[in-house]
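**Student:** Dropping the structure in here first, questions after.
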Amino acid sequence: MTASVSASRIALAGGIALSSVVLLSGTAFAHVSVQPQGEAAKGGYATVNIKVPNERDNASTVKVEVNFPLDHPLASVMPQPIPGWKAVVTKSELSKPLELHGKKIDKAVSKVTWTADGSKIGPGEFQQFPLSLGQLPEDTDQLVLKAIQTYDNKEIVRWIEESKEGADEPQNPAPVLKLSAASGDHHGAAATDAPTTAPSASVSGDAKTGHDDKAGHHEEKTAAASSSSDTTARILGVIGILVGIAGVAFGVLAGRRRSA
């Protein structure tokens, strides 16, 4: 009886622990987040998705606002059109002008707001809001993008709490975009869209030289293969002649033995 009771208690405790882990995991993954598509390198450009899950069982998300830090300003923030949603980009004055491609910029994007226009994020659903960002700052390792989520029952959830190193994750953490080390071309993910092969009409001298070198190398390999084939044929021919001579000699000796 004691062993049975102990086993039951252990099973109950295990079930409670497992349920707690599942519940906590669901909560942890239900936050508004920012996810780069490819590389988000300092000084470059990047495409990111703002992922917004609906956390309510009896309400739908009808508005999402994402704020951008002006202490690390972005000169360009462009939303991708999403059917059923209207996007508005808001810019604010900078206390210190930003220089980009030789031009001074005195305004930067401070927030992007998406409002439902025939669509919504229902219970058990999520929506991604793509953005093109650039030029990313070089003087920070991350961008904190504070977000505000509004439901159709007028409830507002503010995802604005910044996580602190060594502390537990806050209840409503702000989305954070981690920046990688600066790349050589300063174009980040955009560099992957560039063609890897130049059109034949605009091939440079170096490219032509490289092509000629490859052709020459191919001809050398072909010549070597041909030479090897000729050598093999000659060797096989000599072996055939020797085999023939040996056959004739064997026939002569056999004839002499029969005569004797």
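The values are calculated or read from the model by the stated rules, or taken from the named source; none is laboratory data. What you see is a predicted model; the values in this text were computed from it and never measured. Cβ coordinates were reconstructed from backbone atoms using ideal geometry, including for glycine residues, and neighbour counts include every protein chain displayed. Ligands, DNA and RNA are excluded from the accessible area calculation, which covers all protein heavy atoms including side chains. Shrake-Rupley method; radii C 1.70, N 1.55, O 1.52, S 1.80 Å.
**Student:** For the stretch 169-187, does any single residue satisfy the condition of being open to solvent by 70 Å² or more (accessible area, probe 1.4 Å), at positive phi and at pLDDT below 95?
**Tutor:** no
**Student:** Exactly one of these conditions fails for V62: (1) open to solvent by 20 Å² or more (accessible area, probe 1.4 Å); (2) of a type in the set (A, V, I, L, M, F, W, C); (3) not in a strand (DSSP E or B). Give me its number.
**Tutor:** Checking V62 against (1) open to solvent by 20 Å² or more (accessible area, probe 1.4 Å); (2) of a type in the set (A, V, I, L, M, F, W, C); (3) not in a strand (DSSP E or B), the one that fails is (3).
**Student:** Within the stretch 108-165, can you find the residues that are over 20 Å from L179 (Cβ atoms) and small (G, A, S)?
**Tutor:** Residues satisfying the conditions are A116, G118, S119, G122, G124.
**Student:** Could I ask something else about it? Is there a residue being closer than 21 Å to P173 by Cβ, of a type outside the set (D, E, K, R) and open to solvent by 50 Å² or more (accessible area, probe 1.4 Å) anywhere in the stretch 75-84?
**Tutor:** No.
**Student:** Okay, moving on. Name every residue in the stretch 144-159 that is open to solvent by 20 Å² or more (accessible area, probe 1.4 Å) and either in contact (Cβ under 8 Å) with a residue 60 or more places away in the chain or of a type in the set (G, A, S) (or both), in order of residue number.
**Tutor:** V144, K146, I148, T150, D152, N153, E155
**Student:** So, in the stretch 130-143, how many residues would count as being over 18 Å from N67 (Cβ atoms) and open to solvent by less than 70 Å² (accessible area, probe 1.4 Å)?
**Tutor:** Residues flagged as over 18 Å from N67 (Cβ atoms) and open to solvent by less than 70 Å² (accessible area, probe 1.4 Å) within the stretch 130-143 amount to 1.
**Student:** Shifting gears a bit: Among residues belonging to the stretch 106-129 that are open to solvent by 70 Å² or more (accessible area, probe 1.4 Å) and assigned to a strand (DSSP E or B), point out the one that is farthest from P53 (Cα to Cα).
**Tutor:** Selected residue: D106.
**Student:** Report, ordered by the first and then the second residue, all pairs with beta carbons closer than 8 Å, sequence separation of six or more or different chains, a first member in the stretch 83-110 that is on the phi > 0 side of the Ramachandran plot, and a second member that is assigned to a strand (DSSP E or B) and modelled with pLDDT of 90 or more.
**Tutor:** Correct list of pairs: G84/A116.
**Student:** Also, quick follow-up: Which one of L12, L23 is modelled with pLDDT under 95 and closer than 30 Å to K154 by Cβ?
**Tutor:** The match here is L23.
**Student:** What's the total number of residues in the stretch 85-100 that are open to solvent by 40 Å² or more (accessible area, probe 1.4 Å) and either of a type in the set (S, T, Y) or in contact with a Pro (Cβ under 6 Å, 6 or more places away or on another chain) (or both)?
**Tutor:** Residues meeting the conditions: 4.
**Student:** Against the definition (open to solvent by 10 Å² or more (accessible area, probe 1.4 Å) and either at pLDDT 95 or above or hydrophobic (A, V, I, L, M, F, W, C) (or both)), how does K103 come out, yes or no?
**Tutor:** no
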